Amino acid sequence: MATPNTPLWEVFIRSRNGLAHKHVGSLHANDATMALQAARDIYTRRGEGLSIWVVPSTAITASDPAEKGMMFEPAESKIYRHPTFYEVPEEVGHM
Amino acid sequence: MYTQALNTAEADDRSLEDAARAAQFEARIDAEERIEPNDWMPAAYRKTLTRQISQHAHSEIVGMLPEGNWITRAPTLRRKAALLAKVQDECGHGLYLYAAAETLGTSREELIDAMLAGKAKYSSIFNYPTLTWADIGTIGWLVDGAAIMNQIPLCRCSYGPYARAMIRVCKEESFHQRQGYEIMLTLCRGSDEQKAMGQDALNRWWWPVLMMFGPPDATSQHSDTSTKWKIKRFSNDELRQKFVDATVPQAQYLGLTIPDPGMIQDDDGHWRYSEIDWTEFKQVLAGNGPCNRDRIAARRKAHDEGAWVREAAAAYAAKRAHRRTARAAE
């Protein structure tokens, strides 16, 4: 019997306290413990992080790049959501 | 995340819709946009990248063998620790690259099987033997030096995951070259015998290293489309010349002689090297280099001997998952 392919995990690393975890890459491992150990070896050989998250790749739902127009265009047209849309007289000073 | 949710590889479908998408794709490339895994891409782009990235990954993994040969015989503990770290890095580079290749839709298992079956290529340079400790210095200095020259432009490759993997790799590669040069410097400042050992290693590695940049521009079969798609930013000959120009002064500093009596410096300061023996390159690629059979045999042995570990890990994970489901059902 052929062994099924080893599951894929996405790796996120917090490089220092105060910063968010950032996606750094992926790896294969059979379970969460092994994924965490592999992430340590593959992605933090030079002190790149203080904290690691591993997430099964199958748990991620991604938006479809082909639909990015429909997805993100509505935000583009709402310029009144930006502070520069509003006029404040200079005398009022920085706001 | 990309392998599970990828677009299936397109058959060679000439529908109008595809022509429109292809035009859109070319426009994105021209505008220096990065292509990401779930974006539409021509089947040939997917294929050429899968080939290139997986060959690159195989090279990193097979590349562990010639240096691994000297870990237990490194002359000092300092050298041994550095060499171990370097070989571990090569393994890491292989893994980043397999992950990047997988985003194009071929699993790591399939890629590795192709390499073990002798169907996929890896860099010709790793089919040469490491006969003395000076070879370890020369590999770091020249082989990693040539790899850096080749990889820096790849950090701007049009395919996002490959470019990101290359950025990581380049950051780590600089230590490799410096540790190699330091080994050479120590040998060249040592006894006459040690310096002769350094010269001998340079003599053996020089020409194979120049071949690492691939066939001359006039005969390279993949260059045109790769350049058009911005996978490749410089031609083989341009990179080779850059490497030679950077390396000659480093050899002079060591007091070593480049084994090319015909080499001259032209008026623009470029070092012009003699004709490369491309028959040797073709022979090595065809499987007839000094160590081709050993390298594949070593990879197969490692793969076979590791089978029980992969099976045990999969069985343990399956058992735990089964227990969780049983508990949840109670």
| So which residues of segment B:36-57 lose at least 30 Å² of accessible area, probe 1.4 Å, when you go from the chain by itself to every protein chain present? | B:N38
| Taking amide hydrogens as modeled 1.01 Å from N in the peptide plane, which residues meet the under 5 Å criterion relative to B:Y159, leaving out close sequence neighbours? | B:I35
| request: Count the net charge of all other residues whose Cβ sits under 14 Å from the Cβ of B:E172, scoring Lys and Arg as +1 and Asp and Glu as -1. | output: 0
| query | Pick from B:G160, B:G198, B:G145: which is most flexible by mean-square fluctuation in a GNM of chain B where alpha carbon atoms under 10 Å apart are linked? | reply | B:G160
| said: From the phi angles alone, apply the Karplus equation (6.51, -1.76, 1.60; θ = phi - 60°) to segment B:287-295 and give each ³J(HN,Hα) in whole Hz, x where the residue is Gly or Pro. | reply: x, 10, x, x, 10, 3, 5, 4, 4
| Along the charge dipole of segment A:8-62, Cβ charges K/R +1 and D/E -1, which of A:L27, A:G47, A:Q37 sits furthest on the positive end? | A:G47
| said: I'd like the carbon and sulfur percentage of the solvent accessible area for segment B:26-109, probe radius 1.4 Å, heavy atoms only, ligands and nucleic acids excluded. | reply: 60
| note | Buried by partner chains in segment B:274-313 (accessible area down by at least 10 Å² vs chain alone, 1.4 Å probe, heavy atoms, protein only) are B:R310, B:E311, B:A313
| request: Using a 1.4 angstrom probe on heavy atoms only, work out the carbon and sulfur share of the accessible area of chain A in %. | output: 58
| query | If you count, for every residue in B:93-99, the Cβ atoms of partner chains within 10 Å of its Cβ, what is the mean? | reply | 4
| query | Which residues in segment B:265-290 place their backbone N less than 14 Å from a point set 7 Å from the Cα of B:N69 along the Cα-to-Cβ direction? | reply | B:289-290
| said: Quick check for me: using +1 on Lys/Arg Cβ and -1 on Asp/Glu Cβ, what's the dipole size of segment A:8-62 about its Cα centre, in debye to the nearest 20? | reply: 280
| said: To the nearest 20 Debye, how big is the dipole of chain A about its Cα centre, given +1 on the beta carbon of each Lys and Arg and -1 on that of each Asp and Glu? | reply: 560
| task | Quote the total accessible area buried by chains A and B together, excluding ligands, DNA and RNA, probe 1.4 Å, nearest 100 Å². | result | 2100
| FRET efficiency for A:T58 and B:A312, Cβ-Cβ distance as r, R0 = 25 Å, nearest 0.05? | 0.65
| note | To the nearest 0.05, the calculated FRET efficiency linking B:S174 and B:Q250 through their beta-carbon distance, R0 being 22 Å, is 0.95
| remark: Over segment A:8-62, with neighbouring protein chains present, the accessible area per residue in Å² at probe 1.4 Å is 55
| query | What residues of segment A:54-74 lose no less than 50 Å² of accessible area with every protein chain in place versus their chain by itself (probe 1.4 Å, heavy atoms only)? | reply | A:P65
| message | Excluding same-chain pairs closer than 8 in sequence, count the lysine pairs in chain B whose Cα atoms lie under 18 Å apart. | response | 10
| task | Go through segment B:181-187 residue by residue and turn each phi into a ³J(HN,Hα) via Karplus (6.51, -1.76, 1.60, θ = phi - 60°); whole Hz please, and just put x for glycine and proline. | result | 5, 5, 4, 5, 4, 4, 5
| Whose amide H sits under 5 Å from the amide H of A:T6, counting only residues 5 or more places off or on another chain, with H placed in the peptide plane? | none
| Solvent-accessible heavy-atom area per residue, rounded to whole Å², over segment B:238-314 at 1.4 Å | 61
| field | ³J(HN,Hα), Karplus 6.51/-1.76/1.60, whole Hz, each residue of segment B:145-161, x for Gly, Pro | value | x, 5, 4, 4, 4, 6, 8, 4, x, 5, 5, 10, 4, 5, 8, x, x
| message | Just want the answer: with Cβ charges of +1 for Lys and Arg and -1 for Asp and Glu, which residue in B:Y181, B:Y162, B:L210 is farthest toward the dipole's positive end in segment B:138-222? | response | B:Y162
| note | Magnitude of the Cβ-charge dipole (Lys and Arg +1, Asp and Glu -1) of the protein assembly as shown about the Cα centre, nearest 20 debye, reported as 1700
| field | Cut-off under 5 Å, modelled amide H: who pairs with B:R272 long-range | value | B:I264, B:Q265, B:D266
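The values are calculated or read from the model by the stated rules, or taken from the named source; none is laboratory data. None of these values were measured; they are calculated from a predicted model. As a convention, Cβ positions derive from the backbone with ideal geometry for all residues, glycine included, and neighbour counts pool all protein chains shown. Accessible surface is based on the protein model in full, side chains and every heavy atom, while ligands, DNA and RNA are left aside. Shrake-Rupley method; radii C 1.70, N 1.55, O 1.52, S 1.80 Å.
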